[in-house]
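Have a look at the structure below, then the notes.
Readers should treat all values here as calculations from the given coordinates under stated rules, not as data from a laboratory. What you see is a predicted model; the values in this text were computed from it and never measured. We place every Cβ from the backbone using ideal geometry, glycine too, and count neighbours over all the protein chains shown.
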Amino acid sequence: QNVNFLPGDHLQVNLGYDIDTFTTADGPAFWTRPVNVYAFPAGVQITYVPAGPPGGSVQLDQYGRGERHIGEPSQPQPSFSNCDPFYQPPAYVEPQYDPFWYCTEPPHWENIACVTPASDVRARVARSVGMIITAENSDVTGIFQLSTCSVTLVDSDKVICAGHCHTPEEALSSSVTFDYQTQCDGSQPPGYNPRFYKVIKVLGHQNTGTSLDYSLMQLAQAPPGIPIIQMRPALPGVGEQVFGVHHPNGAVKKV
């Protein structure tokens, strides 16, 4: 925050998988995309680059950290979350899920990589499902925190999620990844290096508490290699099966 760029100055933040560059066009305050801190044993690299004589400045105000921690105390049985998209090998540690979010014990989901073969519709859809991370005030505790929801890529650079996940203002702090997952047995995939895409615009948002609950957002760039999921205009027919691919409580991608 408190950005004071002199003409031509910019700020660079090394993310471990890309570099965020900010200029006067980004306004008086901004969030970076999530940083893979494991790529920087000596500390995250933030560089102010002056175009001329030094004199400009930017204040580092806040940061959010993905870690395993006790969830919001909103239910009789507390949860113990785990949302670190850059989790380290050998394996991802499963959360203790909040039972508010499923019907019966145990929750009926598994890591998406367990779905084979690749022609299975669930496996084909899964590549287009991602997780959005947003800075927000908790409705339960009032604490400023990071929260997560699941999104689907519905156009080359557009994703949709539930409107109750954030306000339109909060959405602009958000970033999306389609890579947060494990092997079937919970181990880290070879070459694992998740990448995030910044939300730059809210194209439509409704959260009426009744029938309308969606948020349609534009990303800074089209995620390469991620197929678009065409939204179906009709309701499911009698006898049709449904399934969900998502990130329950900020966990790795599940079906």
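Each peptide among 191-197, 136-142 gets the average number of other Cβ atoms lying within 10 Å of its residues, and from highest to lowest they stand as 191-197, 136-142. In straight-distance terms, cross-link reach from K158 covers every one of the aspartates and glutamates whose alpha-carbon lies under 18 Å from its own, apart from those fewer than eight places away in the same chain; here that gives E169, E170, D179, D213. Taking every C-alpha pair closer than 8 Å and separated by at least 6 residues, the mean separation divided by the residue count of the chain gives a relative contact order of 19 percent.
Restricting the calculation to Cα atoms, the chain shows an Rg/Rh of 0.98 when the hydrodynamic-style radius is the Kirkwood one. Our summary of shape: the Cα atoms of the range 78-170 have principal axis extents of 44, 35, 31 Å, ordered from largest down, in whole angstrom. Over the range 103-146, the alpha carbon radius of gyration divided by the compact-protein estimate 2.2 N^0.38 Å works out to 1.75. Dividing the alpha-carbon radius of gyration of the range 135-255 by the rule-of-thumb value 2.2 N^0.38 Å gives 1.14. Rounded if a/c is under 1.5, else prolate if a/b is larger than b/c, else oblate: which is the range 18-167, with a ≥ b ≥ c the root eigenvalues of its Cα gyration tensor? Prolate.
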